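The values are calculated or read from the model by the stated rules, or taken from the named source; none is laboratory data. Please read these numbers as outputs of a predicted model, since none were measured by experiment. Here the Cβ positions follow ideal geometry from the backbone for every residue, glycine too, while neighbour counts run over all protein chains shown.
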Amino acid sequence: MSFISINNLTFKYNRKGYVIDDLSLDIEKGEFVCILGHNGSGKSTLAKLIVGLLEPRKGHIYVNGLDINEEKDGVMNIDLVRKDMGIVFQNPDSQFVGITVKDDIAFGLENRRVSTEEMIDAVNKYSEKVGMKDFLDRNPEELSGGEKQRVAIAGILAMNTELIIFDEATSMLDPKGVREIIALIKKLKGQKTIISITHNLDEANFADRVIVLNKGKITLDGKPEDVFKQFDKLKEAGLDILNNMKLIDKINNSNIDECNKKVIEDALWELSFPK
Amino acid sequence: MNNKIVFGQYINTNSWIHRLDPRTKLVTLFLMMIGVFLISNLYVLLGCLVFFFVVVLTSKIPLIKFLQSFKTIVMLIVFTTLFQIIFNRNGNIIEVKGYLLSFDFTLTWINLAISIVILLIYFLLMRYIKKGKGIIFLIVFFVIMFLQYKLTFGPVIVSSYNIAVFDVGLKTSLLVLLRIVNLLTLSGLLTFTTKSTDLNNGIEGIFAPFKFMRKGISILAMMISIALRFIPTLINESTKILRAQASRGVDFEDGRLKDKIFQIVSLLVPMFVISYKKAEDLANAMEARGYIPGEERSRINVLKYKLGDLFTYVFLIIFLTVIIFFKIKGVI
Ligand SMILES: Nc1ncnc2c1ncn2[C@@H]1O[C@H](COP(=O)(O)OP(=O)(O)OP(=O)(O)O)[C@@H](O)[C@H]1O
Ligand SMILES: [Mg+2]
């Protein structure tokens, strides 16, 4: 069985229509998957279902072969597999649990009863990685949205989970910050299983696999080079990137210097997926 | 935008008090407060106060800042003390250089009218006065009383009611006053020198040895820390809402009762929705990171007692023993 196996998953909030509609998906250990989709297509909902924060109406989610919504001998399976899963949420404000940056990065480790020395090492190491080393004693009130996102990423990296889900983890960063963090995420490729909900072309192109979500269904699933050729289906999923893709192609084949290329590409990509 | 609202009044001067373990500070503060309440001798209380202020000086906290923190409560203290002095009529009337501190007042239509005019002027001017409202009110109060003392001709409404200062009354009100000031000084000493994070760790640390109630305490400590973390955020949110509503034409400055209710509702409803949404997101984030309420957790901030803590505890024990000894002897 795959590391994560989702069978005929169906979910809706209250009376509204289905947000996740009979969705099936297998993700192998070590895979780097990017999920694309327009606003409200159900990406965040899917992520919350996978980490067991929401309970499916129908269908099953297996992690490491365990159905996360079942219990065995009075222990919920989700409690057993939670140590394998970490998620960086979309909104950096309300996932900041600690009073200071240091406390927040350590929060997940404290729950696992990691020793103090190890925690201090981990906090130093991962705050350094996300460029927040000098902010360890700051309160969340004294941080920008992008800085809070960096802290959240450090907190998840420190937990060293097998699966990491990034839900638009770079949405509040400036272009330079996005590049730094994406570079960091890229480095995890091969070492960890990554599910990244993203609007970043660079990252999606780098992934092993791109999944396009539309109205709670998977409409495209495959290697990035294959997915990005399916202009009709992309357009149908609300990702109107046809013209922009053509433009990007043109730019890539022109003799503009690398730096400018990057800026234009980023801008075009943002145009295709307005936030 | 002002996003630097930090809870508490912590000032870091890295003095010896700052370096004390928060547990030591909490325990010492708590027991000293009890000690102060045991003392019922004015001079001993005064001595304690002087001593506490010497300690404040050694904490290198600017004295002005320290005193300013009393500002919000000083009026309350002054008035309660005044009322106590007036209404506590036990013992004998105090005599100063042959004059009894006893005064007869008479309320007449004339001094009532003058008083009303003064009060009107006071309330009209109040809008333009930013500082020292309390002191001005006190002055107005005394002027009105003085009118009833001296300006007693004309048709009488209430004739010669008496206000006198009694020795027992004066003593008990001064006693209460001194106790309160002592308590304020002590708690100021704690809050000026301890970060809210450390306070929280300290509370948790104090209860850590009580294994049977550890579960409850760890949940309580988490609740305190979440509250400390979110109070500034919610203050920020409320200022945002105030501005947003103001830009939609809600007037928060003045208005009648009906308007006031509307203003409060237009702030409270969005605040409630925001808090609820934030709490939900936060609960998700905590759960996803493996937090299980009441479960044992390790801590990144480990508290360690140092030499200074030992001295403080030794001093605390001496302080309490002396007080209890003299209390039993009936001296203080
Ligand atoms: N807590 C909730 N209660 C009710 N409906 C919700 C809730 N959260 C999301 N929804 C609805 O479910 C749908 C999918 O939301 P979801 O957050 O999964 O979208 P998304 O793909 O992550 O969008 P975005 O790109 O904006 O993050 C939306 O129509 C949204 O309105
Ligand atoms: Mg989302």
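Is there a residue being modelled with pLDDT of 95 or more, facing chain B (nearest Cβ under 9 Å) and assigned to a helix (DSSP H, G or I) anywhere in the range A:124-146?
Scanning the range A:124-146 turns up no residue that is modelled with pLDDT of 95 or more, facing chain B (nearest Cβ under 9 Å) and assigned to a helix (DSSP H, G or I).
Of (1) loosely packed, with under 15 Cβ neighbours inside 10 Å; (2) at pLDDT 85 or above, B:Lys260 satisfies all except one. Which?
(2)
Determine whether the range B:297-305 contains at least one residue that is part of a helix (DSSP H, G or I), of a type in the set (Lys, Arg) and within 14 Å of chain A (Cβ to nearest Cβ). Walk me through it before giving the result.
Initial filter on the range B:297-305 (part of a helix (DSSP H, G or I)): none.
No, there is no match, as no residue in the range B:297-305 is part of a helix (DSSP H, G or I), of a type in the set (Lys, Arg) and within 14 Å of chain A (Cβ to nearest Cβ).
Determine which single condition A:Val151 fails, assuming it passes every other condition in (1) within 16 Å of ligand 1 (Cβ to nearest atom); (2) buried (at least 21 other Cβ atoms within 10 Å of the Cβ).
(1)
Can B:Met222 be described as within 12 Å of chain A (Cβ to nearest Cβ) and within 30 Å of B:Trp16 (Cα to Cα)? Show your work before the answer.
On the way: within 12 Å of chain A (Cβ to nearest Cβ): yes; within 30 Å of B:Trp16 (Cα to Cα): yes.
In short, yes.
Here is a list: B:Leu316, B:Leu268. Which entry is buried (at least 17 other Cβ atoms within 10 Å of the Cβ), modelled with pLDDT of 85 or more and either part of a helix (DSSP H, G or I) or facing another protein chain (nearest Cβ under 8 Å) (or both)?
Working: B:Leu268 fails: buried (at least 17 other Cβ atoms within 10 Å of the Cβ).
Among B:Leu316, B:Leu268, only B:Leu316 is buried (at least 17 other Cβ atoms within 10 Å of the Cβ), modelled with pLDDT of 85 or more and either part of a helix (DSSP H, G or I) or facing another protein chain (nearest Cβ under 8 Å) (or both).
Among what's in the range A:158-176 and is more than 12 Å from chain B (Cβ to nearest Cβ) and away from ligand 2 (no atom under 14 Å from the Cβ), pick the residue that is surrounded by the fewest Cβ atoms within 10 Å (Cβ to Cβ).
Narrowing the range A:158-176 to residues more than 12 Å from chain B (Cβ to nearest Cβ): A:160, A:162, A:166, A:168-176.
From what's left, away from ligand 2 (no atom under 14 Å from the Cβ): A:160, A:162, A:173-176.
Working: A:Asn160: 16, A:Glu162: 18, A:Leu173: 20, A:Asp174: 11, A:Pro175: 13, A:Lys176: 8.
If we take residues in the range A:158-176 being more than 12 Å from chain B (Cβ to nearest Cβ) and away from ligand 2 (no atom under 14 Å from the Cβ), then A:Lys176 is surrounded by the fewest Cβ atoms within 10 Å (Cβ to Cβ).
Can you name every one of the strands (runs of 3 or more DSSP E) wholly within the range A:1-119 that holds 2 or more residues which are aliphatic (A, V, I, L, M), more than 11 Å from chain B (Cβ to nearest Cβ) and within 16 Å of ligand 2 (Cβ to nearest atom)? I'd like the intermediate steps shown before the answer.
Numbers: elements: A:4-11, A:20-27, A:32-36, A:58-63, A:85-88.
Answer list for the range A:1-119: A:20-27, A:32-36.
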